[in-house]
Structure formats: structure tokens, C-alpha cells
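Okay, so here's the structure we're looking at.
The values are calculated or read from the model by the stated rules, or taken from the named source; none is laboratory data. Keep in mind it's a predicted model, so treat the numbers as computed, not measured. Note that we place each Cβ from the backbone using ideal geometry, even for glycine, and neighbour counts take in every protein chain shown. Please note that ligands, DNA and RNA were not included when accessible areas were found on the heavy atoms of the full protein model with its side chains. Shrake-Rupley method; radii C 1.70, N 1.55, O 1.52, S 1.80 Å.
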Amino acid sequence: GAGVSQSPSNKVTEKGKDVELRCDPISGHTALYWYRQRLGQGLEFLIYFQGNSAPDKSGLPSDRFSAERTGESVSTLTIQRTQQEDSAVYLCASSQGQGGYYGYTFGSGTRLTVV
Amino acid sequence: GDSVTQMEGPVTLSEEAFLTINCTYTATGYPSLFWYVQYPGEGLQLLLKATKADDKGSNKGFEATYRKETTSFHLEKGSVQVSDSAVYFCALSEDRAGTALIFGKGTTLSVSS
């Protein structure tokens, strides 16, 4: 596609429920990244995919968070048993290659609110 | 580990004022450096980048020079406009496999007419 597409754009969920966030990267971009942006904070790195494998999962905050990518395309970020501290904007980005040389293209994010 | 430090905001300026947003970094190798901008209600956009020492990135009247000796990448603009009001993020990447962009905390710029 022309840009990175994320869905849903907004999600309100009850504490304890599971949520799935979706990211469609730019076609042909092999690298895909998930970040979290809490209100008034910077971007917190969560996980990185190169193709379908995830060499770096170091940023996932707990075992309630998981992510997968299939067909070197769509990625889903799953948060199980959501907590109020999970409320944030979840950003996905893709790039042509590894590392940051080409820069990233970001999606508009999913705003998650846990009530 | 690698890190990026930005000046605290918010930065409040009048239209046509000169802008500097300071950014310094810590890295083990020779990173590429970036400035991203997030306009209200929009996603992050790449503003400019520099991939080696002494390179100058520029876009939309903004400039930043990669200074290895001071490990800095300060963002400047000679005359800001109201439309420049946004959050600006400095970032670095080590440009090797398995690395992700590391962002600063962001600096909010508010320009009034």
C-alpha cells in the first residue's frame, strides 16, 4: 500500500480483556517495528521483525505482550489481560532494510484505552 | 546502551523567531541520526536525517548537522511559522542488523502569531 496502515485507530477495552492490534506495512518493506507512546512520553521500542522473524523482542514489557508477522506483511500485536497501564498509542513502522539508514515510515497508530 | 537526550519542552516562540532544539546522543558505533515530527493528530514523519559525521540534513527550512566531536544533532530553523507547531523527536540508529531506532522523549514546539 501507499503507507503504513494500522487498525483499529481507536480501541476502548475493559481491564482484563485481550486486544489485537494490526499493522499493514508498505509493500516490500522487510523490516517492521512496534513502539508504544504513552501520554506525554517518548517512543518506547517494543519489538522488531525482519521478514517473519523477530530478532529483538527485548522491549516487550511483559509476557502479556506478544506479536507475530506472517507472509512478510501483516503484523499483529496482542495484549492479553489488559491493564490500565497499557493505555497508550501503539505505533507501527516499516522500512526498506535493517537498521535506520532509510528511516522509518510510521502508521497513524492505535490509541488504546483500558477502562 | 545507546541513548538520545533532547531538551525539555515545551518551547514557546513567536512567529519568525529562531528555533534551536538541542539533541545529544550516546552510541557505541557510528549511528545515523534523524529528526521526526509529529503534527497534532497525525503520525510521525521523517523530517531530516544525516548518516555520517559533518553531514547536514535539511528539509522545510529546518537543518541539523551531525557533530561527532560533540555527539550532537541540534535542530534549527531561522524563522518559525505557526504551522511548525508540533512535537519533534530526535532519534538514532546504529545501522546494523537487529537494531531499531532509539528516540528521545520529544520536544513540544508551540508557535504563536
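Things to note:
- In chain A, taking the dipole from charged Cβ atoms about the Cα centre, the farthest positive-side position among A:55, A:114, A:7 is held by A:114.
- Counting all C-alpha pairs of chain A, share separated by more than 26 Å (%): 13
- Ordering A:9-17, A:21-29 by mean Cβ neighbour count within 10 Å, with the highest value first, yields A:21-29, A:9-17.
- In sequence order, region A:37-42 has phi-based couplings of 10, 7, 4, x, 10, x Hz under the Karplus curve 6.51 cos²θ - 1.76 cosθ + 1.60, θ = phi - 60°, and Gly or Pro positions carry x.
- Dimensionless Rg/Rh of chain B - Kirkwood Rh, Rg from C-alpha atoms: 0.96
- Per-residue average of Cβ from other chains inside 10 Å of A:103-109: 6
- Computed over the alpha carbons of the protein assembly as shown, Rg followed by Dmax gives 17.5, 51 Å.
- Short-range pairs are left out: with C-alpha atoms under 8 Å and at least six residues apart, the relative contact order of chain B is 36 percent.
- Checking every one of the trypsin sites (Lys or Arg not before Pro) in region B:15-86 against DSSP loop status and a limit of 16 other Cβ atoms within 10 Å picks out B:52, B:60, B:68.
- With contacts taken as Cα pairs under 8 Å and at least 6 residues apart, chain A reaches a relative contact order of 37 percent.
- Carbon and sulfur %, accessible surface of chain B computed with the full protein complex present, 1.4 Å: 47
- Straight-distance crosslink candidates among aspartates and glutamates, where the alpha carbon sits under 12 Å from residue B:56 and sequence neighbours closer than 8 are dropped: B:76
- For region B:13-49, applying the loop criterion from DSSP together with a ceiling of 14 other beta carbons within 10 Å to the chymotrypsin sites (Phe, Trp or Tyr not before Pro) yields B:18.
- Environment charge of residue A:86, counting only residues whose C-beta is closer than 14 Å and scoring Lys/Arg +1, Asp/Glu -1: +2
- Three semi-axes of the equivalent ellipsoid, region B:50-94, Cα gyration tensor, whole Å, largest first: 21, 12, 9
- The Cα center of region A:38-115 and the Cα center of region B:37-113 differ in position by 21 Å.
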